[in-house]
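Engineer: Mind looking over this structure? Questions follow.
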């Protein structure tokens, strides 16, 4: 066979496979467990698909965008959460202490998952949160990056803000 034809065929097959994997990145049901007054409102489809961990284009930061109003409602958006690219759904649990809010994000895989990762944004609503300074600890159930993240937020008054941390990916 013609070597050029083989290269083209392999390239086309690779593109089709990557598209099929990318299309399997979808929203499942939004589930939340744990404390009353906590909801995982939504999450995005796969934003950035990565077949290998150490390629250019990987987001360098994970961020926590937060909105706090004068009724005690805190909205959080975890930007660039890292999960497998073959998800059925994502769920989360939350526990709140005096100055610590702990969230555990859990992926639920389709057919055992794939050998790739994606970046997602997750949005939460927390009710009955008193004003103050909090450490928001977000821990993934599956770790594709260094251990959990701790974001410090000041919600002493109504505010809209974002805090970001370096995203150091584990290279396999």
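The values are calculated or read from the model by the stated rules, or taken from the named source; none is laboratory data. The model shown is predicted, which means the values in this text are computed figures rather than measured ones. Positions of Cβ are generated from backbone atoms using ideal geometry, with glycine treated the same way; all protein chains shown enter the neighbour counts.
Engineer: I'm told residue 89 meets every condition in (1) surrounded by 21 or more Cβ atoms within 10 Å (Cβ to Cβ); (2) modelled with pLDDT of 90 or more except one. Can you identify the failing condition by its number?
Structural biologist: Among (1) surrounded by 21 or more Cβ atoms within 10 Å (Cβ to Cβ); (2) modelled with pLDDT of 90 or more, residue 89 violates only (1).
Engineer: Which one of 88, 70 is over 25 Å from residue 46 (Cβ atoms) and either outside any strand (DSSP E or B) or in contact (Cβ under 8 Å) with a residue 60 or more places away in the chain (or both)? Explain how you work it out, then say what you get.
Structural biologist: Numbers: 88 fails: over 25 Å from residue 46 (Cβ atoms).
Result of the check over 88, 70: 70.
Engineer: If I filter the stretch 93-103 for residues that are in contact (Cβ under 8 Å) with a residue 60 or more places away in the chain, in contact with a strand residue (DSSP E or B) (Cβ under 6 Å, 6 or more places away or on another chain) and crowded, with 16+ Cβ neighbours inside 10 Å, do I get at least one hit?
Structural biologist: Step one: list which residues in the stretch 93-103 are in contact (Cβ under 8 Å) with a residue 60 or more places away in the chain, which gives 93-96.
Next cut, in contact with a strand residue (DSSP E or B) (Cβ under 6 Å, 6 or more places away or on another chain) only: 93-95.
With crowded, with 16+ Cβ neighbours inside 10 Å added as a condition, the list becomes 93-94.
Yes: the stretch 93-103 contains one or more residues that are in contact (Cβ under 8 Å) with a residue 60 or more places away in the chain, in contact with a strand residue (DSSP E or B) (Cβ under 6 Å, 6 or more places away or on another chain) and crowded, with 16+ Cβ neighbours inside 10 Å.
Quick grid of which residues meet (1) loosely packed, with under 14 Cβ neighbours inside 10 Å; (2) modelled with pLDDT under 55; (3) closer than 30 Å to residue 154 by Cβ:
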| residue | (1), (2), (3) |
| --- | --- |
| 21 | no, yes, no |
| 40 | no, no, yes |
| 49 | no, no, no |
| 59 | no, no, yes |
| 63 | no, no, yes |
| 73 | no, no, yes |
